[in-house]
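Below is one structure, written out as structure tokens; the observations come after it.
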Amino acid sequence: MRVPSRILPPLAAMALAALVTACGAESDGSALTPPAESDLLVTTEPATGPVGQVDWMLTAEPVTLDPDLDSGNNEDTVTGNVCERLFQTQPDLSVEPHLATSVDRPDPTTIIYTLRDDVTFHDGSPMTADDVVWSLERHARDGGDESDEFEAVESIEATGEHEVTIRLSAPDALFDMRMAGNGGIVYNSRAVQAAGDDFGSPQSGDACSGPYEVTEWQAGSSLTITRYDEYWDDSVDGLAESVTFRWAEGSALVNALTSGDADAAFLSEPSAAAPLAESDTVSTYYGATTTSWQLFPTTKGAVVDPRIRTALSLAMDREGIAKAAFAGGAEPWRLPVGPGSWGYERETFDAAYDAVDVAPSSPSEDDIARAKDLVSEAGDPGTIVVGSDGTPVNTVIANAVRSAAQEIGLEVEITSMSEAQWGELFSSEEARQGVDLFITDWYLSKPDPIGMYDNLLSGSVNNYIGFADPEYDEVVNQAIGEYDEATRAELAVRAQEIWMDNMLTIPLVMAPNTLVLSKELTGVPVAVAYLSYPWAADLGKS
């Protein structure tokens with residue numbers, strides 16, 4: 001599914017300048033250099049021993065720990081340690097069976113999962129096939145945040161004491177990957193039902209089976225997870241005794257890390273880490289991401305014509321955005337997916353990336369001329385309204401959109417939204433009324449670009465622009481059902497071509513996943529896999 005990455009909470013634009021100044025940048029904001037892909041890490045060095053309590057920073061308090069209601073970086077940083085899935089994403093972004101021990105596919109539309117028989121929830125009760133069925137059906141219900149992962153599912157049933165059978169309307173080669181995301185979480189159904197509407201709130205337990213359990217949530221202050229000593233998997237050491245999460249805004253987050261009040265933080269982009277580059281107390285690590293920052297168009301707005309969207313893409317100064325919004329630590333990017341999504345047939349995807357010619361790092365005179373021609377062909381669309389959540393990153397990007405538009409004869413109005421209003425854009429067509437473009441990153445929970453491209457299938461809940469193209473639907477659906485990776489990669493590239501020909505979103509930059517960690521600690525993954533992997537179990541002394 002889509003997970004919007006909440007990186008920095010709302011700040012004035014001057015806060016970004018303060019971050020840049022603090023790390024000795026020149027006036028262009030180029031405080032960092034984006035790491036080469038060869039320098040991106042999978043994980044930090046293995047720990048040498050256990051640790052007691054660790055203080056971890058989030059950028060905002062979790063909204064809920066029920067991912068069927070809402071989820072993002074802050075929520076998943078916690079639940080990755082607490083809740084378990086049928087499959088598990090590894091630090092290198094590969095996917096392996098977890099609560100399911102094996103999978104059998106007797107025909108292209110039938111999936112049979114054999115389940116572990118030794119899993120217990122945090123109340124000591126055993127995980128049953130009925131719990132799995134109940135959990136998946138809950139994830140799949142209409143309106144749920146994970147429902148898009150189940151669009152091809154016709155039925156889910158327990159077909160044995162430790163067996164669940166899923167029947168699909170069409171083959172789905174990505175289904176195991178879907179079960180490594182939040183759509184694959186297995187709950188103690190009795191505990192969730194007992195909690196009722198309070199489930200996921202500070203008043204309820206977690207109803208999960210992971211190596212850590214939620215032991216205290218003081219709303220507005222802190223949230224603590226503690227090693228569950230009766231965890232069913234004896235091979236997992238659970239090196240950190242407990243992790244207490246607190247949250248802070250930009251400079252306060254930096255101060256907590258530099259002063260020693262906090263030990264670590266995961267950041268979805270590097271600019272917030274720039275002031276920490278010379279710190280004596282923490283180290284900064286960069287890892288692979290599936291994320292790309294981009295502009296999402298909405299239905300029937302001023303950018304409904306793909307020629308207008310393509311013109312804007314040609315005029316965008318991505319290099320300038322990388323410097324000003326990300327302290328130089330991001331990379332101009334041509335696609336709606338980050339390179340962490342290329343989990344197979346990498347040469348094919350690299351070549352297809354290089355072939356994209358409508359998303360320049362910095363627009364040339366020819367790019368601007370081409371953009372102006374497209375605007376002339378399409379006609380004046382009227383004022384383009386860009387929605388921003390008011391964070392420094394979004395503020396810089398919104399102003400870059402306005403500058404690009406002015407360069408090619410278009411008019412842009414920026415509307416700043418509260419965090420709640422911004423979040424509604426992803427679930428409410430009514431909230432998107434009056435907004436033509438909005439700025440976001442888009443995290444994929446699976447190492448396959450089709451996990452992005454299937455969001456624009458006709459009728460998809462995430463198809464905000466109302467795009468409908470029979471060829472695109474056919475290509476993407478073929479890719480979803482294709483188990484041969486070479487063939488699936490070719491289909492994914494064709495889907496990419498149609499996406500970019502229609503400029504279904506406007507890609508901007510790619511920022512590596514960023515980990516800031518006390519020099520006394522190590523062991524955790526650096527790649528974006530931490531959002532669904534129990535990283536606290538690997539966290540220990542350096």
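The values are calculated or read from the model by the stated rules, or taken from the named source; none is laboratory data. Just so it is clear, the model here is predicted, and its values are computed rather than measured. Positions of Cβ are backbone-derived with ideal geometry, glycine not excepted, and every protein chain shown enters the neighbour counts.
Here's the yes/no breakdown for (1) of a type in the set (G, A, S); (2) within 26 Å of the chain's Cα centre (by Cα):
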| site | (1), (2) |
| --- | --- |
| A194 | yes, no |
| P202 | no, yes |
| A207 | yes, yes |
| P211 | no, yes |
| S221 | yes, yes |
| E230 | no, no |
| D233 | no, no |
| A248 | yes, yes |
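Residue pairs whose Cβ atoms lie under 6 Å apart, separated by 6 or more positions or on different chains, with the first residue in region 231-256 and on the phi > 0 side of the Ramachandran plot and the second crowded, with 20+ Cβ neighbours inside 10 Å and not in a strand (DSSP E or B), are G238/P211; G238/A537.
Taken over region 388-447, the criterion of being of a type in the set (S, T, Y) and either touching a strand residue (DSSP E or B) at 6+ places or on another chain (Cβ under 7 Å) or buried (at least 23 other Cβ atoms within 10 Å of the Cβ) (or both) is satisfied by S388, T391, T395, T415, S416, T440, Y443, S445.
Looking at region 399-420, is at least one residue part of a helix (DSSP H, G or I) and within 26 Å of S147 (Cβ to Cβ)? Checked region 399-420: at least one residue is part of a helix (DSSP H, G or I) and within 26 Å of S147 (Cβ to Cβ). Scanning region 448-483 for residues that are in a helix (DSSP H, G or I) and among the hydroxyl-bearing types (S, T, Y), we see that the one that is surrounded by the most Cβ atoms within 10 Å (Cβ to Cβ) is Y453.
Total residues in region 301-316 satisfying the condition of being outside any helix (DSSP H, G or I) and either touching a strand residue (DSSP E or B) at 6+ places or on another chain (Cβ under 8 Å) or closer than 15 Å to G387 by Cβ (or both): the figure is 5. State the number of residues belonging to region 331-345 that are among the charged types (D, E, K, R), modelled with pLDDT of 95 or more and closer than 19 Å to A527 by Cα. Residues meeting the conditions: 0. Residues in region 94-113 include at least one that is in contact (Cβ under 8 Å) with a residue 24 or more places away in the chain, under 26 Å from G481 (Cα atoms), assigned to a loop (DSSP other than H, G, I, E, B) and in contact with a helix residue (DSSP H, G or I) (Cβ under 8 Å, 6 or more places away or on another chain). Mind telling me which of the residues S222, S209, S201 ends up being modelled with pLDDT of 95 or more, of a type in the set (S, T, N, Q) and crowded, with 17+ Cβ neighbours inside 10 Å? After ruling out the rest, the residue left standing is S209. The residues of region 131-168 that are among the aromatic types (F, W, Y) and either free of Cβ contacts under 8 Å to residues at least 12 places away in the same chain or in contact with a Gly (Cβ under 9 Å, 6 or more places away or on another chain) (or both) amount to a single one, F150.
Taking region 168-221 as the range and being more than 21 Å from A100 (Cα to Cα) and part of a loop (DSSP other than H, G, I, E, B) as the test, the residues that pass are S169, A170, F199, G200, S201, P202, Q203, S204, G205, A219, G220, S221. Being outside the structural domain of S221 (by TED's automatic domain parsing), surrounded by fewer than 24 Cβ atoms within 10 Å (Cβ to Cβ) and part of a loop (DSSP other than H, G, I, E, B), is that true of even one residue in region 290-298? Yes, that holds for at least one residue. In this structure, R246 does not satisfy being over 25 Å from E419 (Cα atoms), modelled with pLDDT of 95 or more and touching a strand residue (DSSP E or B) at 6+ places or on another chain (Cβ under 8 Å). For V476, the criteria (1) of a type outside the set (S, T, N, Q); (2) modelled with pLDDT of 95 or more; (3) touching a Pro at 6+ places or on another chain (Cβ under 7 Å) hold in every case but one, which is (3).
Restricting the first member to region 366-395 and to residues that are touching a residue at least 60 places away in the same chain (Cβ under 8 Å), and the second to residues that are surrounded by fewer than 18 Cβ atoms within 10 Å (Cβ to Cβ) and aromatic (F, W, Y), no beta-carbon pair is closer than 7 Å while six or more apart or on different chains.
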